[in-house]
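The values are calculated or read from the model by the stated rules, or taken from the named source; none is laboratory data. Worth saying up front: this structure is predicted, and the values here are computed from it rather than measured. Cβ sites come from the backbone with ideal geometry, for glycine too, and all protein chains shown count toward neighbours. All accessible areas refer to the heavy atoms of the entire protein, side chains included, with ligands and DNA or RNA removed. Shrake-Rupley method; radii C 1.70, N 1.55, O 1.52, S 1.80 Å.
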Amino acid sequence: MTHTPTPFLRIIIKLENDAFVPDPQAETLSILEDIVRHVREHGLANTPLRDSNGNSVGTFEFLQRRNPVC
């Protein structure tokens, strides 16, 4: 039996930088809005995620795997 790879998105955002203090919700929403802009402009291309201070805080990835780990 052949298994077709499953396409999925993985978004990892580390909330440990100063940009998330005192309001992690606002910073997270800003990063998610950046992802929406990225997808509109570049499709599902992988990209690093940055906080409002320009620090790397995670990744947005389009992957295809036989057994995605969530």
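Before moving on, here are some points about what is shown:
- Residue 66 within 12 Å of the chain's Cα centre (by Cα) and among the basic types (Lys, Arg): no
- When 49, 15, 63 are checked against the criterion of being touching a Pro at 6+ places or on another chain (Cβ under 6 Å) and surrounded by 14 or more Cβ atoms within 10 Å (Cβ to Cβ), a single residue qualifies: 15.
- Pair list, Cβ < 8 Å and 6+ apart or interchain, from segment 28-55 residues that are hydroxyl-bearing (Ser, Thr, Tyr) to residues that are open to solvent by 80 Å² or more (accessible area, probe 1.4 Å) and not in a strand (DSSP E or B): 28/15; 30/52
- Hits in segment 18-46 - residues which are loosely packed, with under 13 Cβ neighbours inside 10 Å and either over 15 Å from residue 57 (Cα atoms) or of a type in the set (A, V, I, L, M) (or both): 21, 22, 23, 26, 29, 36, 37, 40, 41, 42, 43, 45
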